[in-house]
Amino acid sequence: MSQPRSRLTPTPSILLSFALVIALISGCASLTKPWIAPEVALTGLKIKELTLLRQVFIVNLTVRNPNDRTLPIKGLTYRITLEGNELAQGSSQLDRQIPPLGTALADVEVVGSLLGITRQLPALALKDRPLDWTVSGTASLANGLLPLPYRWSGQIDPKALLSIAVERDNRS
């Protein structure tokens, strides 16, 4: 005769069921891992329209995804300062799927402040030292997820600031 099983000894089917439940819970936990905000860098600038009433620029940004999964960015809001002075602000629809730890280039149209940018650009272009910049704002994600605030700073060579924009324009 076979001996009756003790209730404390798990059967293989119970162990398998338990392992599946643990795997499912682990998988769900990774889906809810919080997003890390993208790294946004100023890489160039091009004047699109310059009148007394309106100043429009194409700002070249590099957006880096620091996450280990694809970052589904629908849009960006941004405020860009150069040497501590506001250069421009705006928002743009991007609709980009940035791969894990990957980068994407974004050329965004921004409206500058009349007095600020008109006086700044000629003087800044003549500087012999790197210019300090800051880009801040929010990245809107697909599927209605909460926007991710970001703020990044760095330096850029004043000659490169305008020359990168010219190079990109010539490639178009």
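What follows draws every value from the coordinates through simple rules; no lab data is involved. A quick note: this is a predicted structure, and the numbers were derived from the prediction, not measured. Cβ: placed from backbone, ideal geometry, glycine included. Neighbour counts: every protein chain shown.
Under a straight-distance cross-link criterion of Cα-Cα below 19 Å, which aspartates and glutamates are reachable from K127, leaving out those fewer than 8 residues away in the same chain?
K127 reaches E83, E86, D157.
Using the beta-carbon distance between L50 and L145 and R0 = 41 Å, what value does 1/(1 + (r/R0)^6) give for FRET efficiency, to the nearest 0.05?
Numbers: r = 37 Å, r/R0 = 0.91.
That gives a FRET efficiency of 0.65.
Work through the residues other than D128 whose Cβ is under 11 Å from its Cβ and net out their charges, Lys, Arg +1 and Asp, Glu -1.
Every neighbour counted, the sum reads +2.
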